[in-house]
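Worksheet: the structure to be examined is printed underneath.
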């Protein structure tokens, strides 16, 4: 039997954060806060969303579950399964590709011993590609957490990864 998530599934801290964010919108447009709400819930849940948590967000914002699922599956910033402590998102869109993002991906895969979409055995790193991170002027680039790293080279990647140790 499937349980139905309720807004109570969300911690009081997260509900307070969502409520603070929702002050930016008219009360009848609570659904406008769905991306922020999913981000807050994902952060509190260790970096990924569950169906129960997405259902709770839908209930809290008063919107259909499917609408929340559509947002969570469309944007690459949301994860639907556990990820490593450091999620490395490499931009592979045209600007980054032309500046060598394929080489960056190959280097990271070899260095970490994983392929795109995988997590290292120690749970430290997850490697994924993203379509565009809107930093074309600094191509090739990657995002780790909320930080952008631009104009990547193998040497720069080594320094970045060492700083995360």
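Out of the residues in region 16-31 that are closer than 24 Å to residue 45 by Cα and at pLDDT below 95, which is farthest from the chain's Cα centre (by Cα)? Only one residue fits best here, namely 30. Among the residues making up region 156-165, a single one is assigned to a loop (DSSP other than H, G, I, E, B) and over 19 Å from the mean Cα position of the chain (by Cα): 165. If you go through region 49-75 and keep only what is buried (at least 16 other Cβ atoms within 10 Å of the Cβ) and within 11 Å of the chain's Cα centre (by Cα), you end up with 49, 72.
Going through 48, 25, 60 one at a time, which residue ends up being over 16 Å from residue 145 (Cα atoms) and part of a loop (DSSP other than H, G, I, E, B)?
Result: 25 is the single residue among 48, 25, 60 that is over 16 Å from residue 145 (Cα atoms) and part of a loop (DSSP other than H, G, I, E, B).
Examine region 99-110 for a residue that is touching a helix residue (DSSP H, G or I) at 6+ places or on another chain (Cβ under 7 Å) and without any contact (Cβ under 8 Å) to a residue 12 or more places away in the chain, and state whether such a residue exists. Scanning region 99-110 turns up no residue that is touching a helix residue (DSSP H, G or I) at 6+ places or on another chain (Cβ under 7 Å) and without any contact (Cβ under 8 Å) to a residue 12 or more places away in the chain. Is it true that residue 67 is assigned to a helix (DSSP H, G or I) and not assigned by TED's automatic domain parsing to the domain that holds residue 159? Answer is yes for this residue. From the list 101, 95, the lone residue that is in contact with a strand residue (DSSP E or B) (Cβ under 8 Å, 6 or more places away or on another chain) and either closer than 30 Å to residue 151 by Cβ or buried (at least 20 other Cβ atoms within 10 Å of the Cβ) (or both) is 101. Residues in region 138-155 that are free of Cβ contacts under 8 Å to residues at least 24 places away in the same chain and either loosely packed, with under 15 Cβ neighbours inside 10 Å or part of a strand (DSSP E or B) (or both): 146, 147, 148, 149, 151, 153, 155.
The values are calculated or read from the model by the stated rules, or taken from the named source; none is laboratory data. These numbers come from a predicted model, not from an experiment. Cβ sites come from the backbone with ideal geometry, for glycine too, and all protein chains shown count toward neighbours.
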